[in-house]
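Report on the following structure.
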Amino acid sequence: MTHDSAPVPEKGLFVEHVSHAYDGLQVVRDVSLTVPPGEILCLLGPSGCGKTTMLRVIAGLEPLQSGRVALDGAVLGDAVTYVPPEARSVSLLFQDFALFPHLTVLENVMFGLSRMPSAERRPRALDVLAQVGMDGYADAYPHVLSGGQQQRVALARARGPRPRLMLLDEPFSNLDFTLRRQVRDIVLTVLHASSSATLMVTHDSEEAMFMGDRIAVMNDGRIVQQGTPEQLYTAPGNAFVLGLFGEVNRMTGRVAQGHIQTPLGRLCAPGLPEGAAAEVLVRAEGVRPDDRAAARGIVRTSRMLGRSTLVHLDVDDGAGGALHVHARLPGRTMPAENERIGLGLIDEHVFIFPLADGER
Amino acid sequence: MQANAAGLGIFGGWRTRRGTGGWPLFAFAVAMLVSIPVLVIVGTVFVPTGEIWSHLAATVLPRYIANSVWLMVGVGIGTLAIGVGTGWLVTMYRFPGRAVFEWALLLPFAVPAYVLAYTYTGLLEFAGPFQTALREFFGWTSRAEYWFPEIRSIGGAIWMMTFVLYPYVYLLSRAAFLEQSVCVLEVSRTLGCTRWRSFRQVALPLARPGIVAGLSFALIETLADFGTVQFFAVDTFTTGIFRTWIGLGEPMAAAQLGAVLMIFVFLVVAAERATRGKGRVHHTSTRYRGLPEFPLRGMMSFGAQLVCFAPVFFGFLLPGAALAVWSVETWDTMVDAAFFGYALNSFTLAATTAAIAVAVALVMAYGLRLAPTRLMRSATRVASMGYAIPGAVIAVGVLIAYTAVDHAVDSWMQALFGVSTGLLFTGTLAGIVFAYLVRFLAVSFNTTEAGLAKITPSMDAAARTLGRKPGAVLRQVHAPLMWGSVLTAAMLVFVDVMKELPATLLLRPFNFDTLAIRAYQLASDERLTDASSAALAVVLVGVVPVMMLSVAIARSRAGHADDAR
């Protein structure tokens, strides 16, 4: 009972030391996080990292096994308390929209308004439908709507009861590319206009950066790093976090006289002990042509990808083989195939992390 | 910290259980109850019956086994030929009337095999209209002057069962053919296979799981049949069970015959599982297009029509017409107050069983959804295995159990209070409804579970977070969404109970006759035309679900065409 008696913050979502297992399989390990009202926190991680379980535990759909969950100063779940989902003032937005097929759009939204005086339900429902631009479809049934429209109705339904906490479970992954951008915009606008705390689960880092005021990266049931999108991008705590935010080239080496020798040049390795194994990670956008650089590579293919160009290179690895390197160049610089070019690095895209021995 | 963790662990366990309430317990109790008859039957194997059993084994058992095997072989070949053939024709070819045949081929489903047996016997026996017409035409006067096949034989039984059971194979093989990606067939054509070779080497193997499943249903029904073989005097396990029980008064030996019969059923089920497991068929292409629907012309078209018409004619139209004519002829004497009494009895039993079966199935399916634990899964599986067990076997198992319980309760009450309770279960309506439940719970459970499975779990989560308690979720979200499957389940059980013969025969209260029993009794007395009104009533009730099935098929067909566009 060490932490259970401590007071909880008066506003927003507060999650402390939550662990969860299914049939003995530990899926969430000691997760703590807070989301102040009006803020959007994105839980980012690969599938199976435990992020959806977190969402279900917070919603009360999964009974809490250990730890504590509180919302706006009231404990929802701990060792002795269990508030059922219907009493939590929490709304969920699902990947598969989960609109009730036997109810019209309006009835779907009004389903969540049962605690309101009946005279206010209809105007409130129409109001939230108007916020997402779906008030014209009030009498339609869900099956005649497109995926994007369904998700907008689902958003209106979730917003209807003015929940204190919004939970979004991969809400855009069932939508195609163009729809996704549209719906994302609407969701962001609606959420920013509300004062709810929002927790969104996603495996897409670009989406997390687009939606989140802050991002918590989860891996294997733990939160490995939390921060603003900028912090995570510019100062990733480890190779896993770095790898989530874009394509990287990976090399390994050993520290010698404060430096590491890599196929792409000799790099400064401050703070690492002499002789330690380390991995060097360079974002694709951190590799650029530089005639003065000592490292050389042969261009294998160049592909224009719109805003940037992706260049596949073979770089001499110093041991007689070739290291395959991707370089992402801004604009339309397109080196010719089989051209041998010099390669320099942009410091802000180069990261060095220590490696445990044997883990190369 | 250690103590704390342990404390939380206990709480966690308690919490998890609190979330699901008594559902698993209920499902477990139902599974136990439902498995009683089977356990009783299996248990009797260890009861020594000495001479009776060795007598049975020496005299009748080989005949039962031989007859059962021959029936299975004959019905198997017959249902495969008709079911797969017509299934392939109506899915792959276009010919006049195909749309009608597509659902009409299911009509024989509505006719119980014993009704077909009574009808054909009435039509084809010496005094029947067919032989009479032959004699008049050729001027014969006695049976000795011409040869005519004996309908009351094992061959006749095979024909009867084939005509009413082929729809299983038709239904499932047709579904399997429809499911196949046409792309696969087209690839085989471009690789140089002829139409016939594509069918044999691609379509047939791909559809095999469906075909085998349909065949196994037909064979299980063949083994379970009592009315037909009893009427045709073909000795099988089911008639043997009755003779041993009622004729010899040897319930244990009868139960042991039931155990041997269950081995046959088990072999059929195991064989089906085995073929499914080994050649696991995955459809490699997910592209589905409108079927090619190769048009047939001239003689080919006529031939296809004939092939599709024959089973409908012999399995439904001809016997249906004969029953209708006889019913009209015997209307004044047979359709009286007593007839409506039988109908009311049938209706009461069927409606009561359907209501209970659906309620139990709903609770079990919902419990499985809330707590899909291993215990829950195996409990529901046990509870729904009754469908594979012949009615006669269930009846014997249930009766032995009832007798034991009744005796125990009676002597207990007499010892304690000096009151005799008599028979509480044996020969009561409660007793017979329970036996029906054991047999038909699977029907209602599978249907409701399928309906519930179509509702995504996010639906539950959405309703919960929008402020509904679990009960309200069931009422406001699940109930309206699965109303259709609940009704279907109730209707399927209703019809199955209406048709059921052996369990009703053994378990009904004294002088409590249903339509099926009435038809059976009149037929046993060789009053075949008199039996027609009761038989026709059973058939007409059976037509309802077949019609619904047909509508569903017609609709899925339309959807299929839509997907193609």
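The values are calculated or read from the model by the stated rules, or taken from the named source; none is laboratory data. All figures in this text were calculated on a predicted structure; none of them were measured in a lab. Glycine also receives a Cβ, built like all others from the backbone with ideal geometry; neighbour counts cover every protein chain displayed.
Structure values in brief
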{"item": "Residue among A:Leu25, A:Leu92 that is assigned by TED's automatic domain parsing to the domain that holds A:Gly160 and surrounded by fewer than 24 Cβ atoms within 10 Å (Cβ to Cβ)", "result": "A:Leu25"}
{"item": "Any hit, region A:31-48, residues being within 14 Å of chain B (Cβ to nearest Cβ) and under 22 Å from the mean Cα position of the chain (by Cα)", "result": "no"}
{"item": "Lone qualifier among A:Arg115, A:Arg122 - being farther than 24 Å from B:Thr456 by Cα and either within 14 Å of chain B (Cβ to nearest Cβ) or touching a residue at least 24 places away in the same chain (Cβ under 8 Å) (or both)", "result": "A:Arg115"}
{"item": "Positions within region A:289-301 being part of a strand (DSSP E or B) and surrounded by 19 or more Cβ atoms within 10 Å (Cβ to Cβ), in sequence order", "result": "A:Gly297, A:Val299"}
{"item": "Helices (runs of 4 or more DSSP H) enclosed by region B:436-547 - at least 1 residues per element that are of a type in the set (Val, Ile, Thr) and either within 14 Å of chain A (Cβ to nearest Cβ) or surrounded by 23 or more Cβ atoms within 10 Å (Cβ to Cβ) (or both)", "result": "B:457-465, B:470-473, B:479-499, B:502-507"}
{"item": "Looking only at region B:233-255, and only at residues there that are surrounded by fewer than 24 Cβ atoms within 10 Å (Cβ to Cβ) and of a type in the set (Phe, Trp, Tyr), the one that is farthest from B:Phe109 (Cα to Cα)", "result": "B:Trp245"}
{"item": "Selection count, region B:27-48, where residues are among the aromatic types (Phe, Trp, Tyr) and either closer than 15 Å to B:Phe445 by Cβ or modelled with pLDDT of 85 or more (or both)", "result": "1"}
{"item": "B:Ala401 vs. criteria farther than 27 Å from B:Ala270 by Cβ and surrounded by 15 or more Cβ atoms within 10 Å (Cβ to Cβ)", "result": "no"}
{"item": "For B:Ala351: the one exception among (1) more than 23 Å from B:Phe510 (Cβ to Cβ); (2) surrounded by fewer than 22 Cβ atoms within 10 Å (Cβ to Cβ); (3) within 19 Å of the chain's Cα centre (by Cα)", "result": "(1)"}
{"item": "Test result for A:Ser89, within 12 Å of chain B (Cβ to nearest Cβ), out of contact with any helix residue (DSSP H, G or I) (no Cβ under 7 Å at 6 or more places or on another chain), of a type outside the set (A, V, I, L, M) and under 30 Å from A:Arg29 (Cβ atoms)", "result": "yes"}
{"item": "Residue in region A:68-80 that is at pLDDT 90 or above, part of a helix (DSSP H, G or I) and either surrounded by fewer than 23 Cβ atoms within 10 Å (Cβ to Cβ) or facing chain B (nearest Cβ under 10 Å) (or both) present", "result": "no"}
{"item": "Considering residues of region A:260-279 that are free of Cβ contacts under 8 Å to residues at least 24 places away in the same chain and within 21 Å of A:Val325 (Cβ to Cβ) only, the residue surrounded by the most Cβ atoms within 10 Å (Cβ to Cβ)", "result": "A:Thr262"}
{"item": "Evaluation of A:Gly60 against (1) more than 14 Å from chain B (Cβ to nearest Cβ); (2) in contact with a Leu (Cβ under 8 Å, 6 or more places away or on another chain); (3) at positive phi (one fails), failing number", "result": "(1)"}
{"item": "Conditions (1) touching a residue at least 12 places away in the same chain (Cβ under 8 Å); (2) within 9 Å of chain B (Cβ to nearest Cβ); (3) closer than 20 Å to A:Ala197 by Cα; number of the one not met by A:Gln65", "result": "(3)"}
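So that you can scan it fast, the table gives a plain yes or no per residue for (1) of a type in the set (Gly, Ala, Ser); (2) closer than 19 Å to B:Leu481 by Cβ; (3) under 30 Å from the mean Cα position of the chain (by Cα); (4) within 12 Å of chain B (Cβ to nearest Cβ):
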{"position": "A:Gly136", "(1), (2), (3), (4)": "yes, no, no, no"}
{"position": "A:Val144", "(1), (2), (3), (4)": "no, yes, no, no"}
{"position": "A:Pro161", "(1), (2), (3), (4)": "no, no, yes, yes"}
{"position": "A:Met166", "(1), (2), (3), (4)": "no, no, yes, yes"}
{"position": "A:Leu175", "(1), (2), (3), (4)": "no, no, yes, no"}
